[in-house]
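Inspection log for the structure reproduced underneath, given as structure tokens.
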Amino acid sequence: MAAHCPECGFLNGEGANYCQKCGAYLNPQTEVKPGGEPTTATYRVGETGELIPVDVEEIAEKGAALVIRSGGGRVGESFPLERDRMTIGRRPDSDVFLDDVTVSRDHALLVKRNGDFYLDDLGSLNGTYVNRRRIESHRLADGDELQVGKYKLTFLQR
């Protein structure tokens, strides 16, 4: 079966493991839920760089989190939202570090206000989007799709 590239959208031939246009890996780690719906495998990067599998439902039960859904070969990586203020950007000390030129150094800020999480754009060049709409500030809801540069992330809060 032919596969669309998760990075650039190019339709690749059957059995291809890498995109013929951009070189991205085409076989995302997926599993099928008992209801037949595929889900993206989620992981976190350990101190030595190893990938540690993470159960998204378990993350959401502990609190809010962001999960990368596409971009930068990091599909499935998750970021628990454990503090009231978390930075998103290309700066290496950002809480959510997204290393790509499409992401500003100080791109966006996640802020917890009155129990809800808000995503605030910090004047980024390429903008910050929630559910495909450019935002300056937006209250997040479970399942919202965020776009920061070429990265698409899902906000989870149960």
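According to the Cα gyration tensor, what semi-axes, each the square root of 5 times an eigenvalue, does the equivalent ellipsoid of region 66-158 have, listed from largest to smallest in whole Å?
17, 14, 13
Net charge near GLY72, counting Lys/Arg +1 and Asp/Glu -1 over other residues with Cβ under 12 Å of its Cβ?
On the way: positive: ARG69, ARG74, ARG90, LYS150, LYS152; negative: GLU7, GLU77, ASP99, ASP100.
Once positives and negatives cancel, what remains is +1.
Over region 76-158, what is the relative contact order in percent, taking alpha-carbon pairs closer than 8 angstrom and at least six residues apart? List each step's numbers first, then the result.
Working: 182 pairs, mean separation 17.0, N = 83.
In percent, rounded to a whole number, it is 21.
Add +1 for every Lys or Arg and -1 for every Asp or Glu among the other residues with Cβ under 14 Å from the Cβ of ILE135, and state the total.
Spelling it out: positives minus negatives among the neighbours equals -1.
We did not get these values from a lab; they are worked out from the coordinates using the rules stated. Just so it is clear, the model here is predicted, and its values are computed rather than measured. Methodologically, a virtual Cβ is constructed for each residue, glycine included, from the backbone with ideal geometry; neighbour enumeration extends over all protein chains shown.
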